[in-house]
Each structure stands twice: as C-alpha cells, then as structure tokens.
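Below is one structure, written out as structure tokens; the observations come after it.
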Amino acid sequence: MRKVEANVNCLGMALRFGLSLLMALVAVVATSRVAHAYAQWQFSSGTVRCNQCHYAPAGGGLLRGYGRDANGEELSTFEGDGSFLHGAVALPSWLALGADIRGAFVAHNAQDPNGTKLAVFPMQFDLLGRVALPFDISFQASAGIRGRVRDDSQEIPTQNYQPITASWLVSREHFFMWQPAAVGPYVRLGRFFAPYGLRMAEHILYVRRDLGFNQLMESYNLSAGAVYDAWELHVTGFLPDFARHIGSDEGGVAALFERRILNDHGSIGLQGKYGNGPGIERTMAGVVGKLHMPSLRTMLLAEANLVHQELSVVGGSNQFVGAAGFASFPTRGLVLTVLGERNHQDIAIKGTAWNAGTVLLGWFPYPHFEVAAMGRLQFPEGQDTTQTFLFQIHYFL
Amino acid sequence: MRRLKNIISSVSAPAVLAAVVMVSACGREDDTRPPEWDYISAAVFQPNCATASCHSRATAAAGLDFSDADRGYTSLTGLWIWIVDPNAMGPGCRPHNGTDICERGDRPLVTPYVPSQSRLVNSLRARGSSRMPPDRPLTEADIALVERWILNGAFREPALVRARRDGGAADAADGTADADAGVGPANDAQGGG
C-alpha cells in the first residue's frame, strides 16, 4: 500500500513538474513570432504593392527577385547579394526556393507565482518553394518543423480521449495560383491566410491573434482579386483547416479593398469578414490605413475592426480590435515600430479589454540576416501588467 | 477635386479609428454577459486558450482541447487518467510496466458551485498555480464571469434550454430560470462542503 502511495506521490510530483515545464514552454511558444510579412516596407521602400517583393498577391512568404534585390541593395545596412544562397546557385526562372530559420530568447513575466519565464528556443524552420506551371499557373508551398518543444505522446501518455491530429511537420501555406502578371487579376486556391488587415509579422498582435489570424491558423481558401499600383482587391471564400483542425471551425467569406492615396505615400483600406460555424456567426468590418512621411522617415499605421458575434443560444456581443502606431526608419537597415493595441472583447461591458504597447526594433545588417528585439506590455483590465522581452535572430536563404 | 478626395481619404481613416476607439471606451459597469458555457467558450476560451501550440484540437496540451464548446466542456469536466491500483481487476484495468493500472476519473478542473475550489479558477488567478493563459492573463471581468458560471453549477447547457427541457419555460422567460437552475443548489453545495 505504501508503495502504491509512493508511486502516486511520485506521479503527482512528476505531473506538477511536467505541468510547470509545460507552462513555461507554452509561454515561450505563445509569445513567438513567425515570418508573415513586413508591412512596414510598403511605401517606405519605394514599393506600393506587397507583391512587388512577394509572389503572394497580398504579400508574405517567398520573395521575388525584386524583393531579394531590395534586401541586398537597399534594405540592409551593408550591401550584399540577396538572391538564393547568396547567389552561389542560379535557379531556373520556373523555380524559386527559400528557407526561414529563426532562433529566439524570451523573458516573460505574467505575474506568475513561479516568476519570470526565461527560455532560448528554435522558433522556426521552414523550407519554401514555388514552381511555375503552364498557363500562368504556379504552385507554392512551405514545409517545416512546427514551433513546439514537446512530444504530445510524452505530454499526455495516459489519457487521450481527444485524438491528437498534429505532427511535427507543418505546411503553413500550399496553394495553386493563376496569375498572368504581378499586376492584374489572380485566382488562388489552397491554404493561406485570407488577405485582411495590416498583415504584420507578429502573430501575437491583437489584430492578428484576436481576429483569427494567429499562428498556424491559415484556412483553406478560394481567393480571387486584382492587384494594381493604384488599388488592390482580394475576395476570399474560406473553410476551416480540415486537415489539422487549428483555428476556428467557421467557413465564410472575407474581402479587403485597399486604395493608394496621396501620390502613393499612403493607403486606405476597407475590409470585412463573415464566418459561420457550429452555433456561431461572426461578422467583422474594419478600416486599415498607412501614411508614409518621407521627410520624417516615418510611417503611420492603423487598423480598427468591429466584430459582431452571434451565438445561437445565448445571443450576441460586439468586440473592438485595433492597433495604431508608427514605424520609423532612422538609418538604412533599421526599423523601429511602436504600436498601441486594444482588444475590447465586449464593448457594451467595461473591464473586458486588453490594452498593449509594443516596441519592435529590427535590424537588417546584411542580406539574409535580421536581428530583432521586442518589448511588450499588456494590460488586461483588472489584472496585473504582463511584460515580455523577445530577442530573435533570423536567417533566410 | 482629386486633392480634396485625397485629403478626405487621409482624414477619414483616423477619424473612423478615433470614433471606434471612443465607442470602445464606453460601456456599462455591470457585467450583463450570460454566465453560460456556450458564451464563455466562444468569447473567452476559444480565443485565449485554443491557440495552435496550446489547447487547440491539434495540440490539446495536457489533454485539454478548448477549440469548441463541447470539447472544452469535456476537457474541464470529463478527463480521466490511469492510476496504479494493486487490487486491479475488472473493466478499465490492465497491466503496465510490471504493475496494474486502472482507468479512473481525474479530479475535474471545475468543481460545480464552488469557484474557489476549482483548479481552473486557481490557474486563471495564478493562485498557488502557474498562470493560465501564460501569455496574456484574462481580464478580471472574464475570470469573474467564469466564476459565476461555476457558481451557477457549471452546466453545459444554457439555463434557458435547461428550463425549457424541465418544463420551466415560463420561469426562464421572466428571468428566474438561472436562479432556479443554479444558485439554489450552489448554496446547498457550499453549505455542505
């Protein structure tokens, strides 16, 4: 009997230790950053369209030759060769390859009784590829290691009434696209984020996290639109991730229209999204704006969204999610971004909001390299402030 | 004309943003949100807990899946574990690594009617336990809403549905169903506990 108690105590200690470790690791993973796009480069680098640098019509992911050249010659502090493998190998025109590798250090204080969590961890390892096919069609995909630090079978060895569908391998994006030219209409089919919002790289920002664009929450879509220098339009029908079951179970439609203004020094966008899932309807509408002021080497950024969610049994509520701030470019290769954010979960009720302030300093010292530091304060109403510091090194092939 | 349009365009975005932020800053002091699992799951647990690396359906860290209301409710109330049992016999038991283990109900994360004894609340408040969610604590109002749900009995179905099923639709319609279905038994439980 004593042996049994000892076993149970030992099991309890192991569980407590495991849970503490898990929480630390979850904190790390939950605060990580994964490549998405650098919304700050639009206008400030002389480009008006995201797909001047990226193959994807709304930006993000694999770079075109123009983007690689810009990284090699204009966006890095010291010039070099931004092309694949630093120019060591010339790829045929029908093939584009790349990779994203990130490592990070994080210190995160959520007023936890166990103190500040510290960790060094691999954040991302993704391989990217694009193959041009006949009839202006292409196929683009990424494959990589999922950003987690534990094996599910070790985590929950004895109870598994809910089957785990995840694996270590992930493919954030895989899609076919018809696009005769970078400027003009396109149709895209596959897994990716529906174009919406500022599309910042940091998935922890409320305008991504709380609007359904968090890490690995890409949906399966049929998207059509057109991209021109003066404007762009993206209309996307989306279905939930039926393969990995990450993110919402909603299906629906999203649209983003963005028009360049002030002689291509800024843009204003209107956006909307409607999703319908089991027992829930979610409708959101928002505005997005950017204004670049070359004389100040600064760009203003803002996004505001109203979200109405209707639950079939208990009624509806309205949410506000927004971010506003600026990105400054003091010298070549250096980007300072300051953002204020608000997520008011039910605007009819006081005390249901999170506010946050984030300072991001990105340095692109040499082509293919990025060093970034982020300081972030979050203020959940009625709770203590949460503090996060993240330092990361990023290399892309 | 074009210049005027540009000016209007550049001014309208900040104006809309400011107006929306001002609206968001308003709101009533008393929390009228329903302390029902369907609402709490959709408004609190799914956006804050069901992230890719944590309690999504794909990852279900610690066996907890908050990706929808049913899975979330099961995670909070229906977990089971294998424990060592020297007297193992019968269904649910099997040998494992030289000993015998049996399937038993785990202590649920919520104790109906008693928020203070619910592991869920202790995690949300970081009270003798690591904080959840670790990246961003819930607001005080959200935690209080979860506590009210537990205090009302932590039922899966909304009070209105329970009242209709139990023939108390009239009570539900005039707003007394919640009290009938939850608060009374909660007081009993606390008194007896």
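The values are calculated or read from the model by the stated rules, or taken from the named source; none is laboratory data. Note that the structure is predicted; figures quoted are calculated from it, not measured. Every residue, glycine as well, gets a Cβ built from its backbone with ideal geometry; the counts of neighbours run over all protein chains shown.
Below, the figures for the structure above:
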quantity: Residue within region A:149-171 that is away from chain B (no Cβ under 14 Å) and modelled with pLDDT under 90 present; calculated: no
quantity: Check on A:L75, more than 29 Å from A:T388 (Cβ to Cβ) and either under 26 Å from the mean Cα position of the chain (by Cα) or surrounded by fewer than 16 Cβ atoms within 10 Å (Cβ to Cβ) (or both); calculated: no
quantity: Qualifying residue in region A:259-274 (condition: among the small types (G, A, S), more than 12 Å from every other protein chain (Cβ to nearest Cβ) and touching a residue at least 60 places away in the same chain (Cβ under 8 Å)); calculated: no
quantity: Within region A:216-239, tally of residues that are over 18 Å from A:M177 (Cβ atoms), part of a loop (DSSP other than H, G, I, E, B) and in contact with a Lys or Arg (Cβ under 6 Å, 6 or more places away or on another chain); calculated: 1
quantity: Which numbered condition B:T99 misses (of (1) of a type in the set (V, I, T); (2) surrounded by fewer than 19 Cβ atoms within 10 Å (Cβ to Cβ); (3) modelled with pLDDT of 90 or more); calculated: (3)
quantity: Scope region A:240-283; condition of a type outside the set (D, E, K, R), in a loop (DSSP other than H, G, I, E, B) and more than 17 Å from B:A69 (Cα to Cα); matching residues; calculated: A:F242, A:A243, A:L262, A:N263, A:H265
quantity: Selected residue (criterion: nearest to A:A373 (Cα to Cα)) from residues of region A:118-128 that are modelled with pLDDT of 90 or more and surrounded by 15 or more Cβ atoms within 10 Å (Cβ to Cβ); calculated: A:F125
quantity: Verdict on A:F213 being under 22 Å from A:V287 (Cβ atoms), out of contact with any helix residue (DSSP H, G or I) (no Cβ under 6 Å at 6 or more places or on another chain), part of a loop (DSSP other than H, G, I, E, B) and within 14 Å of another protein chain (Cβ to nearest Cβ); calculated: yes
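Residue-wise test of (1) more than 19 Å from the chain's Cα centre (by Cα); (2) modelled with pLDDT under 95.
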residue	(1), (2)
A:E258	yes, no
A:G266	yes, yes
A:Q271	no, no
A:Y274	yes, no
A:P278	yes, yes
A:G289	no, no
A:S295	yes, yes
